[in-house]
Structures are given as C-alpha cells and as structure tokens.
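**Q** Just dropping this structure here.
The values are calculated or read from the model by the stated rules, or taken from the named source; none is laboratory data. All figures in this text were calculated on a predicted structure; none of them were measured in a lab. Using ideal geometry, Cβ is built from the backbone for each residue, glycine included, and neighbour counts are taken over all protein chains shown.
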Amino acid sequence: MRSVLCVDIGSGTQDALYWMPDRALENCPKFVLPSPARMVAARMTRLTRDGQAIHLCGTNMGGGFLKAVRAHVQAGLAISATPEAAYALTDDPPSVSRHGIVLSDACPAGHVPVHQADYDPGFWHGLLAMAGLEPPDLVLACAQDHGHHPGRSSRIGRFDLWERFLDQASGRLEDLLYAAPPAELTRLAAVQRATGGGPVMDTGPAAALGVLFGAYFVRHDLESAMAAHVGFHLGVALAAFAATLWL
C-alpha cells in the first residue's frame, strides 16, 4: 500500500494525516482544515445574506450548521431538505419542521441546493493534487457519532453501545475500528460509503487508542495508563491496560 489518508472530522476542524510508508511519520503531510459542517454553515450564511431559499441535500453528516439553519429561518427565508440530509439534524426527519424546514425529495423551484457530506472525494482529490500528492489507496476516517436512536435519548443510546462493547469485545479498543459499523452509527456509515469502504471509528476511542501508541508509551514500554477527556460539558476518565478499556 502506497498511501493512507487518515481524517478526523470534527465540529470546528477536520485534521488529516497523509501516511506514506517510505517516510517517517513526523514527515508525512498533515492538514488542518475547516470542518465540513463549518463549510456548509458558511455557504448557508452567504445564501442567507443574498436572500436565497435553500435546499439541503446530500448525506447524513455532523449537524454543526444548525445555527446557520436557525439564522436563515429567522431571516424569513425558505429552507427545505431531503429526508437523508435531515438526519444530520435529527433522528426523526419529519420533526425538522420545528426548525422551519420542509421535507422535499427534490429541490423546490427557486431554492439553491446545498450539498452535505462529511467526506467529499472530489474535495480531497483536488486538495491532494494541489499538494503534489496522489489519491490515497485507503481512507481511514473518524467522527463523533451519537447514533440513530429513534424515540430514545442519544445519550442513553450511546451508553447502550458502550455497554455492548464492554460485554462483547471485552474492552479491546481496536474492536471499535469498524469494517462495518453498528446499525445505529448512521453517520459513520455515511462516511464509510463516501470513502469507498475504508474502516471508520468514533473520534473518542480513536483518540484513546492513539494515546497508547504515543512516543512516550512506546519509549517506556508502558502497559497501563489513565487518561481524562474533558469536553462537551462532560468529563470522562478511563484506564487502559494493554490496550483494553476500563470505564
């Protein structure tokens, strides 16, 4: 394999590493770019300023553009979305009407389409080409996926996924790198379809697994560690022994 593109799709930025086997890791190209959700929000803001109606289309993705949706509606402008695109904002597409969004399979007359996607092959191929790099042989992607839990709290649904992981995978972090993500993780499934089928992972476990392969741990041959993740109004402490997660 000649190259692997590793992408962490966040709410503010998307961070990427273009791995090549003939280079030391620290010399491989790296990119820090605005997140797809921010780019969607920026396009919506421009269309709102221009007084244009909007039609959201494309795939499920991170919903970090909700503020732009609200600003558009508050400006008295029309907005529609396909059911698939609406999943970026809710587990129940018909409920987007509370945000002033009208569901429509086709782009209504007079609306400007805004395409949604966490991973756009054309964007990445163009960016890599400008950097003198070939399209990757494999794409590994991670993103925070709250999961699709109709009629239930996303938080409770995520706790159920963690419980299943601890019961069935004995806490092995590498088992959270999915060749086929669980049915509930619809955002990761959409990312995987866009990348051509490469493995996908939730951002949190990917970060925890990455810590265990950090230079300090490798240099000191450590088998156990404790790490704390503080963010999203929630603090999480975990202990890992021999790459096994203990909550």
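**Q** Scanning for something surrounded by 12 or more Cβ atoms within 10 Å (Cβ to Cβ) and assigned to a strand (DSSP E or B), does the range 144-167 turn up at least one residue?
**A** There is no residue in the range 144-167 that is surrounded by 12 or more Cβ atoms within 10 Å (Cβ to Cβ) and assigned to a strand (DSSP E or B).
**Q** Quick check on the range 52-109: of everything there that is loosely packed, with under 14 Cβ neighbours inside 10 Å, charged (D, E, K, R) and not in a loop (DSSP other than H, G, I, E, B), which residue is nearest to the chain's Cα centre (by Cα)?
**A** The qualifying residue nearest to the chain's Cα centre (by Cα) is Lys67.
**Q** If you don't mind, there's one more thing I want to ask. Looking for whichever is loosely packed, with under 14 Cβ neighbours inside 10 Å, modelled with pLDDT of 85 or more and not in a strand (DSSP E or B) here; the options are Ala189, Ala180. Which one fits?
**A** Unique residue meeting the criteria: Ala180.
**Q** While we're here: In the range 145-163, how many are within 21 Å of Asp8 (Cα to Cα) and in contact with a helix residue (DSSP H, G or I) (Cβ under 6 Å, 6 or more places away or on another chain)?
**A** Qualifying residue count for the region: 4.
**Q** Another one. Sort through Ala78, Ala86, Ala68 and tell me the only one that's touching a Ser or Thr at 6+ places or on another chain (Cβ under 6 Å) and not polar (S, T, N, Q).
**A** After applying the criteria, what remains is Ala68.
**Q** In the range 12-27, how many are in a loop (DSSP other than H, G, I, E, B) and buried (at least 16 other Cβ atoms within 10 Å of the Cβ)?
**A** The total comes to 1.
**Q** Residues being assigned to a loop (DSSP other than H, G, I, E, B) and free of Cβ contacts under 8 Å to residues at least 12 places away in the same chain: count how many of those fall in the range 119-134.
**A** 1
**Q** Can you tell me which residue among Asp15, Asp50, Asp22 is acidic (Asp, Glu) and under 22 Å from Ala190 (Cα atoms)?
**A** Residue meeting the stated conditions: Asp15.
**Q** Select from the range 1-17 the residues that are over 22 Å from Gln144 (Cβ atoms) and either modelled with pLDDT of 95 or more or of a type in the set (Val, Ile, Thr) (or both) and list them in ascending order.
**A** Ser3
**Q** Another one. Looking only at the range 164-184, decide whether some residue is out of contact with any helix residue (DSSP H, G or I) (no Cβ under 8 Å at 6 or more places or on another chain), closer than 24 Å to Lys67 by Cα and of a type in the set (S, T, N, Q).
**A** No, the conditions are met nowhere in the range 164-184.
**Q** Would you be able to tell me the number of residues in the range 163-203 that are hydrophobic (A, V, I, L, M, F, W, C) and in contact with a Pro (Cβ under 8 Å, 6 or more places away or on another chain)?
**A** Residues that pass the stated criteria total 8.
**Q** Same structure, new question: List every residue pair whose Cβ atoms sit under 6 Å apart, with the two residues 6 or more apart in sequence or on different chains, where the first one lies in the range 186-211 and is under 20 Å from Gly122 (Cβ atoms) and the second, anywhere, is surrounded by fewer than 19 Cβ atoms within 10 Å (Cβ to Cβ) and hydroxyl-bearing (Ser, Thr, Tyr).
**A** Sorted first by the residue in the range 186-211, then by its partner, the pairs are Val200/Tyr178.
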